[in-house]
Amino acid sequence: MKKLEAIIRPEKFQSLRDELSSIGIGGLTVTEVAGTGKQKGQTGVYRSTEFQIQLLSKLKVEMVVEESQLEKIVDIIIKSCKTGNIGDGKIFVSPVEEVIRIRTGERGMEAVL
């Protein structure tokens, strides 16, 4: 099993969700996050005063998947979320040793599905 964490632009989430649903991926955890990278924030204007917005709003989408599905899901994330501009996000892949469903005690992929 692998854990995928994708940091994406908020406006790209619905297209990503639709693509993942079309291949049967329904279990996601989504968190509103803020961060900065090469984008380095933006300049905003409020009542004629300029100010720096250091942290930009993003979404973190997390899922645990079977290793056999990993590349297909990574390709879907890239296809759905890529604009070609700085700030499109990142994908992190980590191994998952064990998953346990608290309610039933199921383990492994049975606990994920």
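Tabulated values for the structure
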{"item": "Cα long-axis angle, helix 13-22 against the chain (0 to 90 degrees, to the nearest 10)", "result": "20"}
{"item": "Average accessible surface area per residue within the chain, 1.4 Å rolling probe, Å²", "result": "68"}
{"item": "Residue-averaged 222 nm ellipticity for the chain, from DSSP H runs of 4+ at -39500 (n - 2.57), nearest 500", "result": "-6500 deg cm²/dmol"}
{"item": "Farthest positive-ward along the chain dipole, Cα basis, beta-carbon charges - from Met1, Ser80, Ser48", "result": "Ser48"}
{"item": "Within the accessible area of the chain (1.4 Å probe), percent carbon and sulfur", "result": "50"}
{"item": "Net lengthening on full extension, Thr31/Ser57 (0.36 nm per residue, minus Cα-Cα)", "result": "8.3 nm"}
{"item": "Calculated Cα extents along the principal axes in Å (choose from (i) 58, 28, 21; (ii) 36, 29, 24; (iii) 41, 29, 23), label", "result": "(i)"}
{"item": "Spacing of the two label points (7 Å from each Cα toward its C-beta) at Ser15 and Ser94, in nm", "result": "2.8"}
{"item": "By accessible area with a 1.4 Å probe, ligands and nucleic acids excluded, highest first: order of Ser57, Ser94", "result": "Ser57, Ser94"}
{"item": "With at most 12 other Cβ atoms within 10 Å, longest stretch of the chain clear of loop trypsin sites (Lys or Arg not before Pro) (DSSP)", "result": "48-102"}
{"item": "Separation of the Arg103 and Ser48 label points, Cα + 7 Å toward Cβ, nm", "result": "5.9"}
{"item": "Stretchable slack from Lys82 to Glu66, in nm (0.36 nm times residue separation minus alpha-carbon distance)", "result": "3.4 nm"}
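The values are calculated or read from the model by the stated rules, or taken from the named source; none is laboratory data. Just so you know, these numbers come straight off a predicted model, no measurement behind them. Cβ: placed from backbone, ideal geometry, glycine included. Neighbour counts: every protein chain shown. The area values use the complete protein model at the heavy-atom level, side chains included, leaving out ligands, DNA and RNA. Shrake-Rupley method; radii C 1.70, N 1.55, O 1.52, S 1.80 Å.
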